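Asker: Sharing a structure here in structure tokens format.
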Amino acid sequence: MTDPTSPTTTRTGLPVTEADTEPGTEAVPASAAAPTDRRPVAAAFRALIALAALTGVALDMIDSGDLGRLFSYFTIQSNILLAIACAWSAHRAWTGRPALSPRITGGALLYISITGLVFHFVLSNDASGFAMTSQRTPLESIANQLLHTATPLAAALDWLLLTAPGGFLLRHAGQWLAYPFLYLPFALIRGALLDPGTEGRYPYPFLDVDLHGYTGIAGNAVVFGLAFYGLALALVLLDRVRPHQRGLGNRISPTGSSRLK
């Protein structure tokens with residue numbers, strides 16, 4: 001005879017007790033009743049984005065003689081934020097956990113988009129009046145492409161192909177601007193604390209008080225601020241109207257559930 005209180009086994013080989021079953025039903029282990037919803041493609045792609053961002057930052061660090069100046073750049077900060085968000089999101093996708101809040105992922109997308117757009121249309125454009133063109137070492141050139149081109153494009157692809165639409169809200173557009181607005185006093189205070197003539201005293205020409213004065217900087221801040229807000233609103237609008245992609249089993253909804261379309 002068997003002990004009525006001892007564990008029995010199912011055809012899966014996993015032990016269960018009488019308390020786990022109901023009369024007339026076959027015992028099923030708890031792990032089978034709640035399968036994980038892993039998203040390996042999304043996890044792998046986001047891990048690659050994080051790796052690209054960190055590689056670009058590391059190359060710049062190797063080639064830089066002034067780490068304080070290096071980490072004052074919006075480019076470096078936005079790529080670090082993107083790497084953190086992508087690594088975090090990759091872990092959650094790999095383990096089948098709910099997706100990150102669209103407030104977080106949307107903010108990271110906006111900041112890296114600002115980095116790419118400002119670089120290509122302002123800092124690399126001699127006609128903008130704020131160009132920063134100079135000779136670069138091979139390491140700087142590689143880092144430049146990773147941080148200003150590869151990561152913004154990859155982040156946009158992740159948003160368009162591996163994230164379900166409809167997660168961004170109108171209020172997010174204003175909330176996302178907190179970081180760019182805080183970056184302005186950071187750059188100005190840092191510059192004021194450095195001696196006049198210090199190389200890289202102000203990280204970008206449009207923030208250079210020596211060139212434009214505080215009145216000119218205020219005007220530049222308004223123009224760029226309105227442009228950034230317009231970009232944020234555009235992301236929210238596009239997120240509302242873009243279609244669901246079909247055939248992507250790793251696509252995740254704003255609430256974190258996988259949608260098989």
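Asker: In region 225-238, which residue that is open to solvent by 30 Å² or more (accessible area, probe 1.4 Å) and in contact (Cβ under 8 Å) with a residue 12 or more places away in the chain is nearest to residue 194 (Cα to Cα)? So that I can check it myself, show each step before the final result.
Answerer: Restricting attention to region 225-238, the residues satisfying the condition of being open to solvent by 30 Å² or more (accessible area, probe 1.4 Å) are 226-231, 233-234, 237-238.
Subsequent filtering for residues that are in contact (Cβ under 8 Å) with a residue 12 or more places away in the chain retains 228-229, 231, 233.
Details: 228: 28, 229: 30, 231: 33, 233: 36 Å.
If we take residues in region 225-238 being open to solvent by 30 Å² or more (accessible area, probe 1.4 Å) and in contact (Cβ under 8 Å) with a residue 12 or more places away in the chain, then 228 is nearest to residue 194 (Cα to Cα).
Asker: Listed residues 168, 119, 130; which is in a helix (DSSP H, G or I) and among the aromatic types (Phe, Trp, Tyr)?
Answerer: Of 168, 119, 130, the one residue that is in a helix (DSSP H, G or I) and among the aromatic types (Phe, Trp, Tyr) is 119.
Asker: May I ask you to say which residue of 53, 108, 127, 83 is more than 18 Å from the chain's Cα centre (by Cα) and among the small types (Gly, Ala, Ser)?
Answerer: Values: 53 fails: more than 18 Å from the chain's Cα centre (by Cα); 108 fails: more than 18 Å from the chain's Cα centre (by Cα); 83 fails: more than 18 Å from the chain's Cα centre (by Cα).
Selected residue: 127, the only one of 53, 108, 127, 83 that is more than 18 Å from the chain's Cα centre (by Cα) and among the small types (Gly, Ala, Ser).
Asker: If you don't mind, there's one more thing I want to ask. Given the conditions (1) among the aliphatic types (A, V, I, L, M); (2) over 14 Å from the mean Cα position of the chain (by Cα); (3) closer than 25 Å to residue 175 by Cα, and given that residue 62 satisfies all but one, which numbered condition is not satisfied?
Answerer: Among (1) among the aliphatic types (A, V, I, L, M); (2) over 14 Å from the mean Cα position of the chain (by Cα); (3) closer than 25 Å to residue 175 by Cα, residue 62 violates only (3).
Asker: In addition: Go through region 112-159 and count every residue that is of a type in the set (D, E, K, R) and open to solvent by less than 50 Å² (accessible area, probe 1.4 Å).
Answerer: The first filter runs over region 112-159 and keeps only residues of a type in the set (D, E, K, R), leaving 126, 136, 140, 158.
When the remaining residues are screened for being open to solvent by less than 50 Å² (accessible area, probe 1.4 Å), the result is 158.
Total meeting the criteria: 1.
Asker: State whether the residues of region 108-123 include one that is touching a Cys at 6+ places or on another chain (Cβ under 9 Å) and either in contact (Cβ under 8 Å) with a residue 60 or more places away in the chain or not β-branched (Val, Ile, Thr) (or both). First the steps, then the outcome.
Answerer: Step one: filter region 108-123 for residues touching a Cys at 6+ places or on another chain (Cβ under 9 Å), giving 108.
Now restrict to residues that are either in contact (Cβ under 8 Å) with a residue 60 or more places away in the chain or not β-branched (Val, Ile, Thr) (or both): 108.
Within region 108-123 (the criterion being touching a Cys at 6+ places or on another chain (Cβ under 9 Å) and either in contact (Cβ under 8 Å) with a residue 60 or more places away in the chain or not β-branched (Val, Ile, Thr) (or both)), the answer is yes, since at least one residue qualifies.
Asker: Which residue pairs have Cβ atoms under 9 Å apart, sit 6 or more places apart or on different chains, and have a first residue in region 65-85 that is of a type in the set (Asp, Glu) and a second that is not in a helix (DSSP H, G or I)?
Answerer: Listed pairs, sorted by first residue: 66/199; 66/200.
Asker: Could you give me the residue pairs with C-beta distances under 8 Å whose first residue belongs to region 179-191 and is over 23 Å from residue 82 (Cβ atoms), whose second residue is of a type in the set (Lys, Arg) and not in a helix (DSSP H, G or I) wherever it lies, and which are 6+ apart or on separate chains?
Answerer: From residues that are over 23 Å from residue 82 (Cβ atoms), the pairs are 191/201.
Asker: OK, next. Could you tell me whether residue 103 is among the basic types (Lys, Arg), within 20 Å of residue 240 (Cα to Cα), at pLDDT 95 or above and assigned to a helix (DSSP H, G or I)?
Answerer: On the way: among the basic types (Lys, Arg): yes; within 20 Å of residue 240 (Cα to Cα): yes; at pLDDT 95 or above: yes; assigned to a helix (DSSP H, G or I): yes.
Yes: the conditions hold for residue 103.
Asker: Inside region 160-193, can you point out the residues that are open to solvent by 20 Å² or more (accessible area, probe 1.4 Å) and of a type in the set (Gly, Ala, Ser)?
Answerer: Of everything in region 160-193, those that are open to solvent by 20 Å² or more (accessible area, probe 1.4 Å) and of a type in the set (Gly, Ala, Ser) turn out to be 166, 174, 178, 192.
Asker: Here's something else I'd like to know. What residue, among those in region 35-75 that are within 21 Å of residue 202 (Cα to Cα) and among the aromatic types (Phe, Trp, Tyr), is most open to solvent (accessible area, probe 1.4 Å)?
Answerer: At the first step, the residues of region 35-75 found to be within 21 Å of residue 202 (Cα to Cα) are 57, 60-61, 63-75.
Imposing the further condition that a residue be among the aromatic types (Phe, Trp, Tyr) reduces the set to 71, 73-74.
Values: 71: 74, 73: 39, 74: 21 Å².
The extreme case among them is 71.
Asker: Just a yes or no: is a residue in region 76-95 at pLDDT below 95, assigned to a helix (DSSP H, G or I) and surrounded by 14 or more Cβ atoms within 10 Å (Cβ to Cβ)?
Answerer: Looking through region 76-95, none of the residues is at pLDDT below 95, assigned to a helix (DSSP H, G or I) and surrounded by 14 or more Cβ atoms within 10 Å (Cβ to Cβ).
The values are calculated or read from the model by the stated rules, or taken from the named source; none is laboratory data. For clarity, every value in this text was computed on a predicted model and none was experimentally measured. Quick reminder, even Gly has a Cβ in these numbers, built from the backbone with ideal geometry, and neighbours come from all protein chains shown. Side chains included, ligands, DNA and RNA excluded: accessible areas come from the protein's heavy atoms. Shrake-Rupley method; radii C 1.70, N 1.55, O 1.52, S 1.80 Å.
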